[in-house]
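Report on one structure; see the data block that follows.
The values are calculated or read from the model by the stated rules, or taken from the named source; none is laboratory data. Here the structure is a predicted model, which means the values were calculated and not measured. Here the Cβ positions follow ideal geometry from the backbone for every residue, glycine too, while neighbour counts run over all protein chains shown. Quick note on the areas: whole protein, heavy atoms, side chains included, nothing else; ligands and nucleic acids left out. Shrake-Rupley method; radii C 1.70, N 1.55, O 1.52, S 1.80 Å.
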Amino acid sequence: MAQRHLDPTEPTATATTAPPGAAAAAAAAAPGRAAPADTEALAGYLRAQATEFLRALRLHRETGTGTNGAHGPQGTGTGTAKAPPAAGPVDAARLLRRAARRLSGTLHTFQPLLDADWAEAMRPELAWLSGTLALEHAYASRLERLLEALHRLSGSSAFPARQPGRAATVAVTVPAPQQSPPDRGSLTVGAAKAGALLDRQLTLARTRAHSTALQALGSSRFHAVADKVALLASEVPLRRSTAPTAGLRPLAAAAEGRLTDAVAALPLVTAGNPYNAQALIHGLSPDPAPHPQDAQWHQVRLLLRLHRYALEVLRGEDPADPDGDAEGPVASQDIRLLAAGEALNRHRDASEAAAAAAQAARTPRIAPATAYALGVLHADQRHEVEAARYAFQHSWRKEPIRLP
């Protein structure tokens, strides 16, 4: 059941030279304000993210249950501010994941300005941590998405209310015959069993991911990462001598160039059609491999994230990220990047949900009605994938608009 998560800082095979449009990154600094020295701006951003990491770690140790400080080395949270008391373990894990993700992405983009050996050793460890902490939330969100889709497709009653931050464990209820249209009869029959099957499989995967995260937070590997981040909060290991072209703006422009090249390689003409029948052919085959059309889009999403982090460094900003994957405040973000990022997040969620439905449909000895419901659910999520691609190409081809 485990999905392979791409490293958000994994180098790509695309060209690193910036296209003509990359000049936007050079003009990203706030107008009317003198740009600080490159090394000072980068060091300030890394120190801020390291401080957020330590604050989230301390919050996780204070609000976590059953661990009593086993989440990190003693003293790594010393000197950090306490988070609001209303926050819980879920919020602490999200903030920890967010800081690790930004640190890892920044080290990847601006590595020529940093000590090479230190950056090469630190970046994969931060990527490992953020990926490990993201699994539990991903499984919970996937289950909720699939159960809601089953309710919508089968015409059943409203989705039951759940406590915030907890995975959906309520099986799909079967409505009375008079509440379901006749043409949905076969889907309704298998919807309850399909929901129960998905609940068992994804809840088990979520439980295992939770255990893996707890083991990771108590491991010596995480202790070493936390110690290095604690040192980073006070001293950034910058490279003593850098090439003249290794400034913030050239490196940020290179990140934008990689994104632009990756978007240019996407089948945007096909994505311009709301219905892409060719994309559904692979979903009908018994091959359990990931959908071949999804990898390019996932890579674009990760490159777009790196581009956003580079813009944050240039502007000296630390935008809020309330839901863990948001694009930051609209007032300081390119509206086109905001809409494109939201579309790519929906694309990822729908493609992973479709893969989970297909995996459940391969369970041996399930009833034909259950397999039918899962097949309809898979097709529904693949249509959501195509809708997200259509939304992305629609927003990306618009001219960039910035709010005053």
**Report entry** Lone unmet requirement of (1) open to solvent by less than 40 Å² (accessible area, probe 1.4 Å); (2) modelled with pLDDT of 95 or more for D349
**Finding:** (1)
Report task. State whether the residues of the stretch 372-393 include one that is under 30 Å from E40 (Cα atoms), at pLDDT 90 or above and part of a helix (DSSP H, G or I). Result -> no
**Report entry** Matching entry among L135, L107, L147 (being at pLDDT 90 or above and in contact with a Lys or Arg (Cβ under 6 Å, 6 or more places away or on another chain))
**Finding:** L107
Query raised in the report: touching a residue at least 40 places away in the same chain (Cβ under 8 Å) and part of a helix (DSSP H, G or I), is that true of L204?
Result: yes
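Of all helices (runs of 4 or more DSSP H) completely enclosed by the stretch 219-298, which ones contain at least 1 residues that are modelled with pLDDT of 80 or more and open to solvent by less than 80 Å² (accessible area, probe 1.4 Å)?
Hits in the stretch 219-298: 220-232, 248-264.
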Query raised in the report: Taking the stated definitions as given, is A119 under 22 Å from L251 (Cβ atoms), open to solvent by less than 50 Å² (accessible area, probe 1.4 Å), part of a helix (DSSP H, G or I) and modelled with pLDDT under 95?
Result: yes
Requested in this report: Sort through V172, V189 and tell me the only one that's within 23 Å of E352 (Cβ to Cβ) and at pLDDT below 90.
Outcome: V172
Report task. Out of the residues in the stretch 299-321 that are at negative phi and part of a loop (DSSP other than H, G, I, E, B), state the one that is modelled with the highest pLDDT. Result -> E317
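Please specify each residue of the stretch 322-346 satisfying the condition of being closer than 24 Å to V90 by Cβ, aliphatic (A, V, I, L, M) and at pLDDT 90 or above.
L344
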